[in-house]
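What follows is a short report on a single structure.
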């Protein structure tokens, strides 16, 4: 499996255009108008639309799974509220999809007829059996409330041998401080190169291995959020 760094904003635009051409862009609420109305009435908010800046992450994740995970295997997405990955996989014919998130609004997701949704934390997933998943995905999730390797113990438990953990997260080679910054009610970390290397080493101890070279050089900082400028890193691990 591989490590990829988003080098500039043009990669996001190109990925978005390719996803559109494949019919895999976020269109969740347009396809489910009745659910959109119910969501608005229950929450008093307009239904959210997945962030197209995640197109780069989503495309890489889809392509990783299509090479290694059968359509009938369980795919678990952590931090699934307003994520585009499971709806895209549903359009590709994946039929055993589960999303988990701390946000209780996930139960009002528009694709409830195709995707199961649970409210909860991904470090406690008792309803998912040991080795029950062909893949676990996490699009811009692990940087929120990161607790070190203990955050990935459950991920390793639920993956079958040869299963994939595919994650994207916030990144910059040199450390960018986010001390005392909260996001979604949780702590927030922008991983540095040293922290990514530590993450890879700690994941290996759990049986989650990155294959191939680990190149951590970055180009531009195309992501601007919460007062910080940085980029994304995409990591794919195999359960060994």
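The values are calculated or read from the model by the stated rules, or taken from the named source; none is laboratory data. Bear in mind that the values here come from a model prediction, so they are computed numbers and not experimental data. Virtual Cβ from ideal backbone geometry, glycine too; neighbours counted across all protein chains shown.
Testing residue 224 on (1) assigned to a strand (DSSP E or B); (2) surrounded by 16 or more Cβ atoms within 10 Å (Cβ to Cβ); (3) out of contact with any strand residue (DSSP E or B) (no Cβ under 7 Å at 6 or more places or on another chain), one condition comes back false. Which one is that?
(2)
Between a residue in the range 119-146 that is at negative phi and free of Cβ contacts under 8 Å to residues at least 60 places away in the same chain and any residue that is outside any loop (DSSP other than H, G, I, E, B) and exposed (fewer than 14 other Cβ atoms within 10 Å of the Cβ), which pairs come within a Cβ distance under 6 Å, given they are 6 or more apart or on different chains?
What qualifies is 119/104.
For the subset of the range 92-123 comprising residues that are over 16 Å from the mean Cα position of the chain (by Cα) and surrounded by 20 or more Cβ atoms within 10 Å (Cβ to Cβ), which member is nearest to residue 59 (Cα to Cα)?
Only one residue tops the list, namely 94.
Considering 197, 161, which residue is assigned to a strand (DSSP E or B), over 17 Å from the mean Cα position of the chain (by Cα) and either more than 25 Å from residue 101 (Cα to Cα) or modelled with pLDDT of 95 or more (or both)?
161
Looking at the structure I just gave you, is residue 63 without any contact (Cβ under 8 Å) to a residue 12 or more places away in the chain, over 25 Å from residue 183 (Cα atoms) and under 14 Å from the mean Cα position of the chain (by Cα)?
On the way: without any contact (Cβ under 8 Å) to a residue 12 or more places away in the chain: yes; over 25 Å from residue 183 (Cα atoms): yes; under 14 Å from the mean Cα position of the chain (by Cα): yes.
Judged against the criteria, residue 63 is a match.
In the list 186, 206, which residue meets the criterion of being in contact (Cβ under 8 Å) with a residue 12 or more places away in the chain, surrounded by fewer than 21 Cβ atoms within 10 Å (Cβ to Cβ), touching a helix residue (DSSP H, G or I) at 6+ places or on another chain (Cβ under 6 Å) and over 16 Å from residue 77 (Cβ atoms)? Break it down into steps so the answer makes sense when it comes.
Values: 186 fails: touching a helix residue (DSSP H, G or I) at 6+ places or on another chain (Cβ under 6 Å).
From the options 186, 206, the qualifying one is 206.
Check residue 142 against each of (1) assigned to a loop (DSSP other than H, G, I, E, B); (2) farther than 25 Å from residue 98 by Cβ and name the one condition it does not meet.
The single condition residue 142 does not satisfy is (2).
Just name the residue that is surrounded by the fewest Cβ atoms within 10 Å (Cβ to Cβ) out of those in the range 51-63 that are in a helix (DSSP H, G or I) and either modelled with pLDDT under 95 or out of contact with any strand residue (DSSP E or B) (no Cβ under 8 Å at 6 or more places or on another chain) (or both). Full working, then the answer.
As a first pass, look at the range 51-63 and keep what is in a helix (DSSP H, G or I): 52-63.
With the extra rule that they be either modelled with pLDDT under 95 or out of contact with any strand residue (DSSP E or B) (no Cβ under 8 Å at 6 or more places or on another chain) (or both), the set shrinks to 52-55, 59, 62-63.
Details: 52: 17, 53: 19, 54: 22, 55: 24, 59: 21, 62: 22, 63: 11.
This residue is 63.
With at pLDDT 95 or above, surrounded by fewer than 20 Cβ atoms within 10 Å (Cβ to Cβ), more than 17 Å from residue 236 (Cα to Cα) and in contact with a helix residue (DSSP H, G or I) (Cβ under 9 Å, 6 or more places away or on another chain) as the only criterion, which of 27, 38, 42, 18 stands out? Steps first, please.
Working: 27 fails: at pLDDT 95 or above; 38 fails: at pLDDT 95 or above; 42 fails: at pLDDT 95 or above.
Among 27, 38, 42, 18, only 18 is at pLDDT 95 or above, surrounded by fewer than 20 Cβ atoms within 10 Å (Cβ to Cβ), more than 17 Å from residue 236 (Cα to Cα) and in contact with a helix residue (DSSP H, G or I) (Cβ under 9 Å, 6 or more places away or on another chain).
Only one residue in 89, 152 is under 18 Å from residue 58 (Cα atoms), in contact (Cβ under 8 Å) with a residue 24 or more places away in the chain and crowded, with 21+ Cβ neighbours inside 10 Å, so which one is that? Outline the logic, then answer.
Working: 152 fails: under 18 Å from residue 58 (Cα atoms).
Answer to the check: 89.
Given the options 12, 100, name the one that is assigned to a helix (DSSP H, G or I) and modelled with pLDDT of 70 or more. Steps first, please.
Details: 100 fails: assigned to a helix (DSSP H, G or I).
The conditions single out 12.
Could you tell me which numbered condition residue 187 fails, if it satisfies all but one of (1) over 15 Å from residue 144 (Cα atoms); (2) in contact with a strand residue (DSSP E or B) (Cβ under 8 Å, 6 or more places away or on another chain); (3) in a strand (DSSP E or B)?
Looking at each condition in turn, residue 187 falls short on (1).
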